[in-house]
Structure formats: structure tokens, C-alpha cells
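To start, the structure itself, in C-alpha cells.
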Amino acid sequence: MPANFKAELVACFGQPVAENPTGAMQEAAFQALGLNWRYLTIEVPPARLREAILGMRAFGMQGGNFTIPHKVAVMEHLDEIAPDARIIGAVNTVRRDGDRLIGENTDGKGFLRAVRNDAGIDPKGRRVVVLGAGGAARAVVTELALAGAEDVLVVNRSAERGERMVADLAARTGARIRFERWMGEYRVPDGIDIFVNATSIGLYPDTSMPAVALEAARPGMLVADVVFNPPETRLLRAARKLGLPVLDGLAMLVYQGVIGFESWTGHKPPERVMMNALRAALAV
Ligand code: NDP
């Protein structure tokens with residue numbers, strides 16, 4: 001076989017981006033499979049996003065991740081946007097198909113995969129409550145709706161933001177999605193199958209507990225948190241104490257990376273290696 005010293009490149013573009021741990025997980029996966037691939041973590045200001053994507057094309061990069069503040073702005077520079085990413089209105093992963101760059105959103109897909117694989121629950125026909133109406137909530141609600149959840153209730157502090165998101169996603173997915181304003185303590189009612197914290201409450205360094213009461217929840221209700229730092233949030237600790245099954249934000253983060261890895265390399269991702277590398281990088 002002729003020598004091949006050319007590495008394949010993927011990257012994460014964001015600002016600030018230095019503390020983004022995704023590279024550690026992807027690099028560990030490339031090494032585990034003996035692939036001559038590199039994952040670069042690159043700081044790009046918003047004004048240079050267009051040039052960064054031209055650079056991606058010029059270098060023949062295989063794809064990458066786009067994080068804050070580029071998740072929406074990147075869309076206009078791509079050749080195609082996957083249908084669910086279009087509904088969500090944001091792209092966090094780009095893959096290459098020939099000369100075309102395709103925008104995907106793997107945040108909600110990573111969450112769904114975690115619910116199915118790690119919690120063993122199929123969201124089809126389930127009743128769900130999602131706290132929050134930001135970017136993470138939008139991705140989670142979209143994928144739950146597309147996966148056939150029977151009823152999705154969005155609970156958010158800002159009524160305007162919550163109502164706008166619910167009206168938009170209900171119209172775009174055709175699913176039953178409702179809104180309730182979050183005031184005081186939210187008591188999760190009986191009959192809910194999955195409860196998700198998709199707000200940033202609990203995120204380091206302000207590791208507080210969202211104002212929710214879980215006592216009335218039915219036994220077996222899954223309590224999921226998108227916050228991954230720390231993975232064991234106060235919400236998940238409270239759920240565990242009540243004997244409820246839990247799913248942490250690390251699982252979602254790893255699976256969105258797993259989906260990206262698979263779409264870039266075409267190889268089966270070494271999931272365990274990726275999870276361990278992420279834990280080591282975050283020191284959790
Ligand atoms: P946004 O800023 O877009 O949204 C934040 C949400 O949290 C809003 O609904 C906001 O409510 C709510 N919120 C924040 N603080 C409070 C508070 N004190 N009281 C009530 N509500 C509050 O953030 P994102 O959606 O982008 O991110 C949310 C979290 O998801 C972050 O912790 C992020 O790290 C995590 N995440 C995890 C991923 C993973 O793979 N595990 C992937 C992507 C994100 P309001 O509208 O009223 O302001």
C-alpha cells in the first residue's frame with residue numbers, strides 16, 4: 001500500500017471554545033480505532049464564521065461541530081440542512097457528502113439515544129414534561145415530538161419565550177405540545193413518564209436545584225437532566241432519593257458525539273472509550 005501521511009480533519013468552532021471538552025472524546029475515539037484523524041478546537045469570532053467555513057471547504061475537512069455563538073448563523077453557509085435541524089432552527093454538527101456540507105442537530109438526537117439505550121424507554125406514546133425553552137429544550141422537544149411522544153408539556157419561566165417555542169414546534173411537528181408558565185414550585189403531576197430539566201439550572205458553578213417537587217410523580221418516571229457539569233445534579237440526587245430512575249447530561253453529550261463520529265468516519269464509535277475520555281477531561 002502506498003504511504004499516506006494525510007490526516008483527515010474535523011473541528012469544533014466556537015467562541016469561547018477553550019473549555020469545550022468534545023475534542024478529548026473524539027481524539028480518544030480516533031486513537032482507539034487507529035484512525036489518522038484529528039479533531040481541532042478552534043476559536044472563531046462571529047465576524048469570521050464565513051471565512052472559517054470557506055477554510056473548511058478549502059482544507060477538505062470532513063465536518064465538525066459548531067457551538068456558541070455559531071449554531072444559528074452557520075446555517076446560511078451550508079449546502080443543506082437536515083429536516084429536524086431546520087425545525088430546531090440550529091445546527092451543531094456538520095458532515096460532508098461529496099463536496100456538500102450538510103447541517104445536522106445532534107443535541108436532541110443524543111438525548112433520544114440516551115433515553116432509549118441507557119434508560120431503556122421508547123418515547124413513542126409517552127407523556128413528557130420539559131423544563132426550559134432555550135436551545136437545548138428546543139432540540140429535546142423537537143426530537144421527542146418526532147419520536148411520537150403523545151403529549152409534551154413545556155414549563156418555562158419566561159412565558160413569552162415558552163409560548164413562542166411551543167406554538168412554533170407544535171405547528172412544525174404536528175405533535176401535541178403545550179405550555180405552562182413556571183411560577184414558584186412546579187409539582188410534577190402523576191401520570192408523567194419522562195421529566196427533563198432542559199434549563200441551565202444546576203450548571204457549575206451555581207449548582208442549585210430547580211424549583212420542582214417530584215413527590216407526586218408516578219413510580220418509574222424517568223428524571224433526565226441536560227446539565228452535564230456536574231453530571232450528578234441536585235435534581236438527579238433528589239430523584240434518586242425517591243427511587244426514581246435518572247439519566248444525566250453526560251449520556252446526552254457522549255451520544256451526540258457518537259452520532260457525529262459515526263457520520264464523519266463511517267466507523268462504529270467506541271462508546272465506552274468516548275465516555276471515559278469525556279469523564280477524564282471533565283474530571284468527573
Ligand atoms: P439557553 O440560554 O438557550 O436557555 C436557558 C433556559 O434555562 C431558558 O429556558 C431559561 O428560562 C432557563 N433558565 C435559566 N436560568 C433560570 C432560572 N434561574 N430560573 C428559571 N429558568 C432559568 O441555554 P441552552 O438551552 O443552550 O442550555 C441549557 C443547558 O443545556 C446548559 O446547561 C447546557 O450546558 C446544556 N446542554 C447540554 C447538552 C448535552 O449534550 N448534555 C447539549 C446542549 C446544551 P427563560 O426563558 O425564562 O430565561
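Does the stretch 11-27 include one or more residues that are in contact (Cβ under 8 Å) with a residue 40 or more places away in the chain, surrounded by fewer than 19 Cβ atoms within 10 Å (Cβ to Cβ), under 28 Å from N276 (Cβ atoms) and more than 21 Å from the chain's Cα centre (by Cα)? No, because not a single residue in the stretch 11-27 is in contact (Cβ under 8 Å) with a residue 40 or more places away in the chain, surrounded by fewer than 19 Cβ atoms within 10 Å (Cβ to Cβ), under 28 Å from N276 (Cβ atoms) and more than 21 Å from the chain's Cα centre (by Cα).
Within the stretch 216-246, the set of residues being under 15 Å from L131 (Cα atoms) and in contact (Cβ under 8 Å) with a residue 60 or more places away in the chain comprises L222, A224, V226.
Kindly evaluate T173 against the criterion of being under 30 Å from I87 (Cα atoms), of a type in the set (S, T, Y) and touching a strand residue (DSSP E or B) at 6+ places or on another chain (Cβ under 7 Å). Here the answer is no, as T173 does not meet what is asked. Among the residues of the stretch 214-223, are any surrounded by 17 or more Cβ atoms within 10 Å (Cβ to Cβ) and closer than 29 Å to C12 by Cβ? Checked the stretch 214-223: no residue is surrounded by 17 or more Cβ atoms within 10 Å (Cβ to Cβ) and closer than 29 Å to C12 by Cβ. If you check A170, A175, A216 for being more than 15 Å from the ligand (Cβ to nearest atom), in a helix (DSSP H, G or I) and small (G, A, S), only one passes: A170. All told, I259 meets the bar of being more than 9 Å from the ligand (Cβ to nearest atom) and in contact (Cβ under 8 Å) with a residue 24 or more places away in the chain. From the list A277, A224, the one residue that fits, being within 30 Å of A82 (Cβ to Cβ), in a helix (DSSP H, G or I) and of a type outside the set (S, T, N, Q), is A277. Number of residues in the stretch 219-256 that are within 16 Å of the ligand (Cβ to nearest atom) and not β-branched (V, I, T) equals 20. Taken as a whole, the structure leaves G162 outside the set of residues that are free of Cβ contacts under 8 Å to residues at least 60 places away in the same chain and assigned to a loop (DSSP other than H, G, I, E, B). Note on the stretch 138-159: residues that are in contact with a Gly (Cβ under 9 Å, 6 or more places away or on another chain) and not in a loop (DSSP other than H, G, I, E, B) amount to 12. Here the condition is being open to solvent by less than 30 Å² (accessible area, probe 1.4 Å) and within 11 Å of the ligand (Cβ to nearest atom); of A114, A136, A145, it holds for A114 alone. From the list G135, G125, the lone residue that is out of contact with any Pro (no Cβ under 9 Å at 6 or more places or on another chain) and modelled with pLDDT under 95 is G135. Within the stretch 227-257, being open to solvent by 20 Å² or more (accessible area, probe 1.4 Å), assigned to a helix (DSSP H, G or I) and more than 20 Å from P21 (Cβ to Cβ) holds for R234, R237, A238, R240, K241.
The values are calculated or read from the model by the stated rules, or taken from the named source; none is laboratory data. Bear in mind that the values here come from a model prediction, so they are computed numbers and not experimental data. Ideal geometry is used to build each Cβ from the backbone, glycine not excepted, and the neighbour counts take in all protein chains shown. Only protein heavy atoms, including side chains, enter the accessible area calculation; ligands, DNA and RNA are left aside. Shrake-Rupley method; radii C 1.70, N 1.55, O 1.52, S 1.80 Å.
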